Amino acid sequence: MTNRYAVIGGVAAGMSAASRIRKADPDSEVVVFEKGQYISYSACSMPYYISNPNTTLENLIVLSVENARNKRRIDVRIRHMVTRILPAQRRIEYAKLPSGIEGSYTYDRLVIATGAAPYVPAIPGADQPHVVVLRNLEDGKKIKEMVTGGKIRKATILGAGYVGLEMCESLGKCGIEVTLISARAMPMFGWNEKIIATVIETLKKNKINLIVNAGVERITEKGVRLNDRLVEADLVLMAKGIRPNSELAENAGIRLGVAGSIAVDQRMETSVAGIFAAGDCAESFHRINNKKIYVPLGTVANKHGRVAGLNCARQSVRFPGAISSAEFKLFEMEVARTGMTLHEAAENGFDAEEIVITASSAAHGYPESSPIQIAMTGDKESGRLLGAQMIGEAGVAARINIIAAAIFNGNTVDEFSMFDLAYAPPFAPVWDPVLVAANVLKGKLGRI
């Protein structure tokens, strides 16, 4: 008897799940329902797509609908919006877009990968045409058309997280005057203040107007009205974060977890047997303390999808946890983090210490060396390495993954300080900056 699998959502987690199901159960029927017209694309590349006139939308697509159907034998149904899940009947109901014609599909096992939606606060005027979000390819295409149309002279970004900061560079490269507005006292809330100070310095150096502690009253045709001024803008980008698309699951009686995401176990199975959830709609657990967390990152979504797909196909795989590793480019700087910040460590009950150092990316005297700032956190009681943040012009993006591997494997700061890392003058000093940071932190933890 042929097994029938349904996957709701066809981007990172959804297509990963569908592909794993097909591998594990090659004779099955695998159907993916995607409400948009694209699947399996690189959403994280959209800021660079917008600023690069030579990049097309197709360059961002990792797997086309045709290849999914013909090469992977996955029945991908784009422009199909699932409207209801009926677990007792093992049936989903959907509407074809844009016609609204309704249909249903009976499944044996189900994966929910509905992703997340941009958070748009209830600000008067937020529904105007020049107010945009950046979440999917349609959003990216719309912004690029507005920018290349030549009518955008000034842009205002509301929100100073990863997307907001990346779009400062993207829009700035398009010759647009950019203003970044943060509701908090500084961008990147919770990060080390010295790292943040370097971020702010980088923004100012690249002529980005930064406004902090700002309350937005309304958005007008002329721009963003704050409580003390009007910030002129032809384009307003909402970058205030995202919220999990979990309503479909909740309405089906599936339990929700942290931050309103779908609650899952380590197999990515929901509270309803035979239904799995993955990606930005689902919760994760933190590998450091095993607590449930919400980590809406593409890397995590792909792993979620793989695990959910294999278990959906009756394999036995566990998601090993996440540690919030992330990195982004800010003009000439590489910025990255992994594990817990000092703030997060304290919130989770650790007696944590943090140090900040500045070291060279290459050996002394090498002409292309540049400084790297590292904030590193450890636990006084256990000596365990808890987290790190880094910023610098070179060598950051690779080095953060060394620390991530150590944290993921539960290494202590003492153990990490003696890691056998490769060395050559163009790439690192004899004592790599991450090892220098670990040795300084070891001293502060009382483990000399």
Problem set entry | Spatial extent of the range 326-444: Rg and Dmax, with the Cα atoms as the point set, Å | 13.6, 44
Problem set entry | Helix-only CD estimate at 222 nm, as mean residue ellipticity for the chain, using -39500 (n - 2.57) per DSSP H run (n ≥ 4) | -7500 deg cm²/dmol
For this session: Mind checking the full-extension length gain between Glu66 and Glu332? Use 0.36 nm per residue of separation minus the Cα-Cα distance, one decimal, nm.
Result: 91.9 nm
Exercise. Karplus couplings for the range 36-48 from phi (6.51 cos²θ - 1.76 cosθ + 1.60, θ = phi - 60°), rounded to Hz, Gly and Pro as x?
Worked result: x, 9, 10, 10, 6, 10, 8, 5, 5, 8, 4, x, 7
For this session: Tell me which residues come under 5 Å, amide H to amide H, from Ala282 once H is placed; ignore anything under 5 positions away on its chain.
Result: Ile262
Exercise. Can you list the HN-Hα couplings for the range 235-243, worked out from phi with the Karplus curve (6.51, -1.76, 1.60; θ = phi - 60°), rounded to whole Hz and with x for Gly and Pro?
Worked result: 9, 10, 9, 7, 10, 9, x, 10, 10
For this session: Please work out the C-alpha center-to-center distance from the range 53-95 to the range 354-384 and express it in whole Å.
Result: 44
For this session: Only Cα pairs under 8 Å and at least 6 apart count here; give the relative contact order of the range 120-238 as a rounded whole percent.
Result: 35
For this session: Calculate one ³J(HN,Hα) per residue across the range 389-403 by plugging θ = phi - 60° into the Karplus curve 6.51 cos²θ - 1.76 cosθ + 1.60, and present them in order as whole Hz with x for glycine and proline.
Result: 10, 9, 8, x, 7, 8, x, 6, 4, 7, 5, 4, 6, 5, 5
For this session: Sequence neighbours fewer than 8 away in the same chain don't count; with that in mind, list the aspartates and glutamates whose C-alpha is under 18 Å from Lys442.
Result: Asp351, Glu353, Glu354, Asp379, Glu381, Asp414, Glu415, Asp420, Asp432
For this session: Report the far tail of the P(r) of the range 49-135, meaning the percent of Cα-Cα pairs longer than 23 Å.
Result: 51
Seminar exercise, completed: For the chain, the Cα-Cα pair-distance distribution in 20 Å bins from 0, as whole percents, is 23, 52, 24, 0
Exercise. If contacts are Cα pairs under 8 angstrom and at least 6 residues apart, what is the relative contact order of the chain in percent?
Worked result: 14
For this session: Collect residues whose amide H, placed 1.01 Å from N in the peptide plane, falls under 5 Å from the amide H of Gly253; neighbours closer than 5 in sequence don't count.
Result: none
Exercise. Taking H as built 1.01 Å from N, whose amide H comes closer than 5 Å to the amide H of Val111, not counting residues under 5 places away?
Worked result: Ala6, Val7, Ile8, Phe276
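Values in this text are rule-based calculations from the coordinates and carry no lab data. Note that the structure is predicted; figures quoted are calculated from it, not measured.
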